[in-house]
Amino acid sequence: MAKSRAAAPRPPDARALAWEILQLVDDGGFADALLGTRLDGSGLEQRDQALVTRLVYGTLAWQGYLDHVLSAFSRRPLTELDPPVRAVLRLALFQVCKLARVPDFAAVDTAVELVKRHRGGIAAGFVNAVLRRAVKGWAKVALPPASAPAAHLAVRFSHPTWLVERWLAAYGEAETGALLAADNEPAPTVLRVNVRRGDRAALLAELTGAGYAAAPTAFSPLGIRLDNVGSPSRIPGIAAGLCSVQGEASQLVGLLAGVEPGQRVLDACAAPGGKTTHLAELLDDRGELLALDPNATGLERLAAQARRLGLAAIHTVPTDAVAWVEAHADASGAPPRFDCVLVDAPCTGLGTLRAHPEVRWRRTPDDVAALAVLQRRLLERLADCVRPGGTLVYATCTLSAEENEDNVTAFLRERSEFAIDDARRVLPAGAAELVSGDGILRTFPHRHGLDGFFAVRLVRHAAT
């Protein structure tokens, strides 16, 4: 359907801020963190904050496809362009191709004006020429042929080819297409209710009364889903510690731990702390929760979140978990023991591409292999900290077998004192469909509308 020129364009501030954030992401920043800080001080209304968020996430998600189209209209290779110019071309073309409510002229005119203001007239002329050609011809740019499914799907759904090849091998062509499409959908903002300070029904009523499109999550009994949210800091209940922003699949990992008040718990890879504070809430802030992570800044943020939520049981230590275990072993080499150990392992994050679209362009097959080695090291050493009869939870937010099933299989082959405890025994009944026949929690964007998580609950035999 042709777009109407009669529709009024939005103010340029939202697009200018989106362009700025895209340039910072191009320099190595992360979109979610940048949006959090930039939106808070922007002075934009919630509607325009939501637009900035959509522009940033959408442009990053569709970057591969947008570059494919732009290459057909740019006389210079995209890799040779000034990065800010490349970023504004992507930003404008995303609106043209993917946002039906944005008039083409508004997307193009704003892009040209931004470049003219910040990069000069020559750059603005180049951007104007490329975008004018693209507006007329983008729909006719051919994709790689369907007979080459990896290349075809990689461009069509804007993912790196190496990742598409892996998922084709794991899931087949039809399901891979569904997964890739789901990765490009906007991720909702999900809250986790602080059960020590309130309940979900009361917070839902407050949110809907404030005009938010809020609904209870399908699988977590603690979650509330919000659509079209700008800065999370403005959400009712955040400042008062009634809730936290945490994805629904991530909430299920905390529930899988099954901790009880008074227990001694080790969170070995704690930063930025979403699961740590959840565990402390489930402990009712009674017991001991040791939070380790080499990221000192991340632990400072965790401590700030704990104060906001009124949690005192968390003790943070900025250190590598394996180094901490070895430093605190007794004379016989035995480390301290805990009722529950959570290894929320560093991973490629390939299950969270809805919320972290830039990750798909940064990861490589070498990252998968290197992180799998690190994860095995953490799993093997942290297992020694589980008391007999205690629980070890291993979790990732990725979909690669090397980081998930392969690690657990190898671990259980060498550590016969551990066995899988069926997640259905611990999780809420409504989450049973997320647990595979082997008792492991597996979530997928295209099957469940959740981030892709893998989590297994392992119990150490009481006699060891």
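Determine which single condition Pro294 fails, assuming it passes every other condition in (1) open to solvent by less than 40 Å² (accessible area, probe 1.4 Å); (2) modelled with pLDDT of 95 or more; (3) in contact with a Ser or Thr (Cβ under 9 Å, 6 or more places away or on another chain).
Result: Pro294 fails condition (1) only.
So Leu24 ticks every box in (1) in contact with a helix residue (DSSP H, G or I) (Cβ under 6 Å, 6 or more places away or on another chain); (2) open to solvent by less than 70 Å² (accessible area, probe 1.4 Å); (3) modelled with pLDDT under 95 but one. Which box is left unticked?
Result: Leu24 passes all but (3).
If only one of Ala280, Ala271, Ala249 is touching a residue at least 24 places away in the same chain (Cβ under 8 Å), over 20 Å from Leu382 (Cβ atoms) and not in a strand (DSSP E or B), which one is it?
On the way: Ala280 fails: over 20 Å from Leu382 (Cβ atoms); Ala271 fails: over 20 Å from Leu382 (Cβ atoms).
The match here is Ala249.
Is it true that some residue in region 380-389 is at pLDDT 95 or above and part of a loop (DSSP other than H, G, I, E, B)? Let's see the steps before the verdict.
Going through region 380-389, the residues at pLDDT 95 or above turn out to be 380-389.
Remaining after also requiring part of a loop (DSSP other than H, G, I, E, B): none.
Looking through region 380-389, none of the residues is at pLDDT 95 or above and part of a loop (DSSP other than H, G, I, E, B).
Of a type in the set (Val, Ile, Thr) and buried (at least 21 other Cβ atoms within 10 Å of the Cβ): does that describe Val164?
When the stated conditions are applied, Val164 passes them.
Restricting attention to region 28-43, report how many residues are open to solvent by 70 Å² or more (accessible area, probe 1.4 Å) and in contact (Cβ under 8 Å) with a residue 40 or more places away in the chain.
2
When region 59-101 is examined, which residues are found to be without any contact (Cβ under 8 Å) to a residue 60 or more places away in the chain and either outside any helix (DSSP H, G or I) or on the phi > 0 side of the Ramachandran plot (or both)?
If the condition is that a residue be without any contact (Cβ under 8 Å) to a residue 60 or more places away in the chain and either outside any helix (DSSP H, G or I) or on the phi > 0 side of the Ramachandran plot (or both), then Ser74, Arg75, Arg76, Pro77, Leu81, Asp82, Leu99 are the ones that fit.
Kindly establish whether Gly262 is modelled with pLDDT under 95 and over 25 Å from the mean Cα position of the chain (by Cα).
On the way: modelled with pLDDT under 95: no; over 25 Å from the mean Cα position of the chain (by Cα): yes.
Here the answer is no, as Gly262 does not meet what is asked.
Conditions (1) in a strand (DSSP E or B); (2) aromatic (Phe, Trp, Tyr); (3) at pLDDT 95 or above; (4) open to solvent by 60 Å² or more (accessible area, probe 1.4 Å), marked per residue:
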position: Leu143; (1), (2), (3), (4): no, no, yes, yes
position: Leu153; (1), (2), (3), (4): no, no, yes, no
position: Ala174; (1), (2), (3), (4): no, no, yes, yes
position: Leu180; (1), (2), (3), (4): no, no, yes, no
position: Leu191; (1), (2), (3), (4): yes, no, yes, no
position: Val195; (1), (2), (3), (4): no, no, no, yes
position: Leu204; (1), (2), (3), (4): no, no, yes, no
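Looking at Ala239, Ala187, can you tell me which residue is in contact with a Ser or Thr (Cβ under 9 Å, 6 or more places away or on another chain), in a loop (DSSP other than H, G, I, E, B) and within 25 Å of Ala313 (Cα to Cα)? Even if it seems obvious, please write down each step before you answer.
Details: Ala187 fails: within 25 Å of Ala313 (Cα to Cα).
None of the other options fit; the residue is Ala239.
Inspect all residues belonging to region 222-229 and state whether any of them is charged (D, E, K, R), in a helix (DSSP H, G or I) and closer than 22 Å to Asp451 by Cα. Quick ask: steps written out before the conclusion?
Restricting attention to region 222-229, the residues satisfying the condition of being charged (D, E, K, R) are 225, 227.
Among the residues that remain, those that are also in a helix (DSSP H, G or I) are: none.
No, every residue in region 222-229 fails to be charged (D, E, K, R), in a helix (DSSP H, G or I) and closer than 22 Å to Asp451 by Cα.
Looking for whichever is more than 26 Å from Gly430 (Cβ to Cβ), modelled with pLDDT under 95 and either open to solvent by 10 Å² or more (accessible area, probe 1.4 Å) or not in a strand (DSSP E or B) (or both) here; the options are Ala312, Ala331, Ala303. Which one fits?
Numbers: Ala312 fails: modelled with pLDDT under 95; Ala303 fails: modelled with pLDDT under 95.
That would be Ala331, the only listed residue that is more than 26 Å from Gly430 (Cβ to Cβ), modelled with pLDDT under 95 and either open to solvent by 10 Å² or more (accessible area, probe 1.4 Å) or not in a strand (DSSP E or B) (or both).
Determine the pairs where a residue that is aromatic (Phe, Trp, Tyr), located within region 442-460, has a partner that is open to solvent by 10 Å² or more (accessible area, probe 1.4 Å) and assigned to a strand (DSSP E or B) with Cβ atoms under 6 Å apart, the partner being 6 or more residues away or on another chain.
Filtered contacts from region 442-460: Phe454/Arg442.
I need a count of the residues in region 379-423 that are more than 30 Å from Leu168 (Cβ to Cβ) and of a type outside the set (Phe, Trp, Tyr). Before the answer, list the steps.
So in region 379-423, the residues more than 30 Å from Leu168 (Cβ to Cβ) come out as 380-393, 414-419, 421-422.
Adding the requirement that they be of a type outside the set (Phe, Trp, Tyr) leaves 380-393, 414-417, 419, 421-422.
Counting residues in region 379-423 that are more than 30 Å from Leu168 (Cβ to Cβ) and of a type outside the set (Phe, Trp, Tyr) gives 21.
Given the residues Val368, Val341, Val408, which is the only one that is open to solvent by less than 10 Å² (accessible area, probe 1.4 Å), within 25 Å of Gly262 (Cα to Cα), of a type in the set (Val, Ile, Thr) and not in a loop (DSSP other than H, G, I, E, B)? I'd like the intermediate steps shown before the answer.
Working: Val368 fails: within 25 Å of Gly262 (Cα to Cα); Val408 fails: within 25 Å of Gly262 (Cα to Cα).
Residue meeting the stated conditions: Val341.
The values are calculated or read from the model by the stated rules, or taken from the named source; none is laboratory data. Everything quoted here is computed from the prediction, not taken from an experiment. Quick reminder, even Gly has a Cβ in these numbers, built from the backbone with ideal geometry, and neighbours come from all protein chains shown. We work out accessible area using only protein heavy atoms, side chains counted, and drop any ligands, DNA or RNA first. Shrake-Rupley method; radii C 1.70, N 1.55, O 1.52, S 1.80 Å.
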